[in-house]
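Colleague: Take this structure first; my questions come after.
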Amino acid sequence: MIRIFRHFVPASFVFLILIEIALVYSAIYMGVEIRFWGVEFDKELLPLWPKALLFCSVIFVSMTAMGLYKNQYREGLNGVVLRLAASMVIALSAMSLLFYLFPYLFLGRGAFAWSFAIAVTGVLVVRLIFFNSIGSEALRRNVLVLGAGKRAEQFNSLRRKSDQFGFRILGYVHVSGEHDVMPEDKVIHLDVPLIDYVQQHNIQEIVVALEDRRKSFPVDDLLDCKMSGIDVTEALCFFERETGRVRLETLHPSWFIFSDGFHHAGFQLTVKRSFDILASSMILFLTWPVMLMAIIAIFVENGFKGPIFYKQVRVGQNWRLFQVFKFRSMVVDAEKDGSPQWAQKNDSRVTRVGKFLRRSRIDELPQIFNVLKGDMSFIGPRPERPEFVEQLAEKIPYYAERHRVKPGITGWAQVCYPYGASDDDAREKLQYDLYYVKNYSLFLDCLIMFQTIDVVIFGAGAR
């Protein structure tokens with residue numbers, strides 16, 4: 001893993017991105033070369049580098065938006081090809097619009113057609129090679145978990161091959177004094193020193209998952225491994241790095257105090273606020289016709305009467321209450337009994353227009369005004385109602401910590417976890433929210449914004 005602005009990115013993906021950027025960038029030069037092979041070159045096309053840079057940027061953003069740089073591929077090769085095709089359609093549409101708005105960027109139909117064909121073919125070939133190679137055992141590092149008790153049980157969540165991206169867990173080492181709960185065939189009872197076993201089986205990393213370090217922590221064994229060049233990682237840090245979330249099962253207060261991150265002050269806040277205003281203004285400019293059509297549809301469905309917008313009290317940064325704006329997607333008296341309710345799958349309270357608005361996330365667009373007002377950020381944990389926050393804070397440890405930053409229209413939990421409307425779902429999403437609060441950066445905000453397009457297009461989690 002490589003850490004870019006505190007966000008963990010697989011090294012293989014960084015390598016893939018660099019290869020694809022170089023390939024797409026050079027596709028412009030190759031396309032022009034083929035188009036003017038044996039004929040006089042049109043010097044009005046020069047310089048080529050701004051056009052190659054624009055072409056490369058559009059392709060990269062569209063592929064990121066389609067989720068092609070996520071580190072888990074549970075959809076298989078067919079899903080990757082589908083997303084790749086969708087990203088190229090989006091890129092072609094975007095380039096066509098840019099050529100119309102800025103004619104001096106146009107290469108000509110022949111040169112651009114060759115360039116686009118080379119880029120698509122090259123990316124497809126690279127993706128096929130990459131997709132086959134990421135499952136290669138030779139490219140995965142060997143990981144050994146120290147401990148086979150309750151703390152090690154959390155590794156059961158990494159059962160799928162796609163969950164163990166770039167690594168494989170060889171087993172769980174029994175530690176004297178600890179009760180094993182892992183399957184016996186996965187528990188390793190050492191009859192040699194730990195360093196010998198590690199070297200014999202080519203272990204690259206040891207993850208410490210002991211229940212009580214005060215009684216049975218093998219300091220000398222781990223020191224031998226560390227000084228011999230073996231990575232030794234605490235289970236909480238391992239999960240944060242590999243899954244993009246903070247595991248609540250192993251979290252303790254000292255982690256908040258001594259871990260890096262949680263920097264939300266000064267210049268960083270100024271940059272984030274500038275990003276919020278810029279992103280919200282751009283989205284408002286692009287979507288105002290959609291918002292206008294949504295207003296008309298809601299008004300017509302309700303017999304030309306009733307409210308268009310829906311206001312609801314939510315909990316913001318530092319537990320300050322504010323009113324969030326949304327397009328109304330439920331019947332007017334959705335909570336006529338006065339008690340707040342989670343939105344459910346196939347909720348009968350959702351109107352026909354509201355169902356479409358929710359599916360397409362159009363109902364969230366009025367929250368742009370909350371961002372411009374300063375109550376929300378464009379990216380951040382989703383704001384919840386005070387009644388739910390109070391209940392969840394009593395049931396879920398550290399739930400209140402998600403309110404250390406401004407809530408957002410979209411967030412890390414929304415692009416990584418499907419829609420949830422229960423206490424268990426709130427617990428899962430909190431783990432992603434804590435990762436965001438800890439590792440926030442402008443880079444992560446941009447990544448979330450692009451991947452939100454993937455969520456909207458494929459309808460992941462909408463209810």
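Colleague: Could you tell me whether residue 272 is modelled with pLDDT under 90 and either part of a helix (DSSP H, G or I) or in the same structural domain as residue 400 (by TED's automatic domain parsing) (or both)?
Modeller: Working: modelled with pLDDT under 90: no; either part of a helix (DSSP H, G or I) or in the same structural domain as residue 400 (by TED's automatic domain parsing) (or both): yes.
The answer is no for residue 272.
Colleague: Does at least one position in the stretch 243-254 carry a residue that is among the hydrophobic types (A, V, I, L, M, F, W, C) and more than 21 Å from residue 429 (Cβ to Cβ)? Steps first, please.
Modeller: Within the stretch 243-254, the first condition is being among the hydrophobic types (A, V, I, L, M, F, W, C), and the residues that meet it are 246, 248, 251.
Retained after the next criterion (residues that are more than 21 Å from residue 429 (Cβ to Cβ)): none.
The answer is no, given that none of the residues of the stretch 243-254 is among the hydrophobic types (A, V, I, L, M, F, W, C) and more than 21 Å from residue 429 (Cβ to Cβ).
Colleague: Which of (1) outside any strand (DSSP E or B); (2) exposed (fewer than 15 other Cβ atoms within 10 Å of the Cβ) does residue 25 not meet, given it meets every other one?
Modeller: Exception for residue 25: condition (2).
Colleague: May I pose another question? Among the residues of the stretch 315-357, what is the count of those that are in a loop (DSSP other than H, G, I, E, B), at pLDDT below 90 and not polar (S, T, N, Q)? Steps first, answer last, please.
Modeller: Looking only at the stretch 315-357, we keep the residues that are in a loop (DSSP other than H, G, I, E, B), and these are 316, 320, 328-329, 331-349, 351.
Next cut, at pLDDT below 90 only: 328-329, 331-349, 351.
After this cut, where a residue has to be not polar (S, T, N, Q) as well, the list is 328, 331-338, 340, 342-343, 345, 347, 349.
Residues meeting the conditions: 15.
Colleague: If you check residue 188 against the conditions, is it out of contact with any Gly (no Cβ under 7 Å at 6 or more places or on another chain), at pLDDT 90 or above and in the same structural domain as residue 155 (by TED's automatic domain parsing)? So that I can check it myself, show each step before the final result.
Modeller: Working: out of contact with any Gly (no Cβ under 7 Å at 6 or more places or on another chain): no; at pLDDT 90 or above: yes; in the same structural domain as residue 155 (by TED's automatic domain parsing): yes.
No; evaluated as a whole, the condition is false for this residue.
Colleague: Using the structure shown, decide if residue 282 is exposed (fewer than 13 other Cβ atoms within 10 Å of the Cβ), modelled with pLDDT of 90 or more and part of a helix (DSSP H, G or I).
Modeller: Spelling it out, residue 282 is indeed exposed (fewer than 13 other Cβ atoms within 10 Å of the Cβ), modelled with pLDDT of 90 or more and part of a helix (DSSP H, G or I).
Colleague: Would you be able to say whether some residue in the stretch 223-243 is at pLDDT 85 or above, assigned to a helix (DSSP H, G or I) and among the polar types (S, T, N, Q)?
Modeller: Taking the stretch 223-243 first, the residues at pLDDT 85 or above are 223-243.
Next, only the ones that are assigned to a helix (DSSP H, G or I) stay: 223-227, 235-243.
From what's left, among the polar types (S, T, N, Q): 243.
Taking every residue of the stretch 223-243 in turn, at least one turns out to be at pLDDT 85 or above, assigned to a helix (DSSP H, G or I) and among the polar types (S, T, N, Q).
Colleague: If residue 433 satisfies every condition in (1) in a loop (DSSP other than H, G, I, E, B); (2) under 14 Å from the mean Cα position of the chain (by Cα) but one, which is the exception?
Modeller: (1)
Colleague: Now for a different question. Given the residues 408, 380, 374, which is the only one that is of a type in the set (Gly, Ala, Ser) and surrounded by fewer than 19 Cβ atoms within 10 Å (Cβ to Cβ)? Lay out the reasoning, then the answer.
Modeller: Numbers: 408 fails: surrounded by fewer than 19 Cβ atoms within 10 Å (Cβ to Cβ); 380 fails: surrounded by fewer than 19 Cβ atoms within 10 Å (Cβ to Cβ).
Of the residues listed, the single one that is of a type in the set (Gly, Ala, Ser) and surrounded by fewer than 19 Cβ atoms within 10 Å (Cβ to Cβ) is 374.
Colleague: OK, next. Residue 230 passes all but one of (1) in contact (Cβ under 8 Å) with a residue 40 or more places away in the chain; (2) under 22 Å from residue 1 (Cα atoms); which number fails?
Modeller: Result: residue 230 passes all but (1).
Yes or no, residue by residue, for (1) under 20 Å from the mean Cα position of the chain (by Cα); (2) at pLDDT 90 or above; (3) under 27 Å from residue 360 (Cβ atoms):
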| residue | (1), (2), (3) |
| --- | --- |
| 380 | yes, yes, yes |
| 386 | no, yes, no |
| 418 | yes, no, yes |
| 456 | yes, no, yes |
| 462 | yes, no, yes |
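Colleague: Pick from 113, 117, 86, 91: which is in contact with a helix residue (DSSP H, G or I) (Cβ under 6 Å, 6 or more places away or on another chain), part of a helix (DSSP H, G or I) and aliphatic (A, V, I, L, M)? Break it down into steps so the answer makes sense when it comes.
Modeller: Values: 113 fails: in contact with a helix residue (DSSP H, G or I) (Cβ under 6 Å, 6 or more places away or on another chain); 117 fails: in contact with a helix residue (DSSP H, G or I) (Cβ under 6 Å, 6 or more places away or on another chain); 86 fails: in contact with a helix residue (DSSP H, G or I) (Cβ under 6 Å, 6 or more places away or on another chain).
None of the other options fit; the residue is 91.
Colleague: Kindly indicate whether residue 233 is among the hydroxyl-bearing types (Ser, Thr, Tyr), closer than 15 Å to residue 144 by Cα and under 35 Å from the mean Cα position of the chain (by Cα). Don't jump to the end; show me each part of the working.
Modeller: On the way: among the hydroxyl-bearing types (Ser, Thr, Tyr): yes; closer than 15 Å to residue 144 by Cα: yes; under 35 Å from the mean Cα position of the chain (by Cα): yes.
Yes: the conditions hold for residue 233.
Colleague: Inspect all residues belonging to the stretch 8-22 and state whether any of them is farther than 21 Å from residue 87 by Cβ, assigned to a loop (DSSP other than H, G, I, E, B) and in contact (Cβ under 8 Å) with a residue 60 or more places away in the chain.
Modeller: Filtering the stretch 8-22 down to residues farther than 21 Å from residue 87 by Cβ leaves 8, 11.
Applying the additional criterion that residues be assigned to a loop (DSSP other than H, G, I, E, B) yields none.
Among the residues of the stretch 8-22, not one is farther than 21 Å from residue 87 by Cβ, assigned to a loop (DSSP other than H, G, I, E, B) and in contact (Cβ under 8 Å) with a residue 60 or more places away in the chain, which makes the answer no.
Colleague: Kindly provide the set of residues from the stretch 160-193 that are of a type in the set (Gly, Ala, Ser), within 30 Å of residue 133 (Cα to Cα) and part of a loop (DSSP other than H, G, I, E, B), ordered by number. Steps first, please.
Modeller: Let us first name the residues in the stretch 160-193 that are of a type in the set (Gly, Ala, Ser), namely 162, 166, 171, 176-177.
Retained after the next criterion (residues that are within 30 Å of residue 133 (Cα to Cα)): 162, 166, 171.
Selection gives 162, 166.
The values are calculated or read from the model by the stated rules, or taken from the named source; none is laboratory data. Please read these numbers as outputs of a predicted model, since none were measured by experiment. Please note: Cβ atoms are built from the backbone with ideal geometry, for glycine as well, and neighbour counts cover all protein chains shown.
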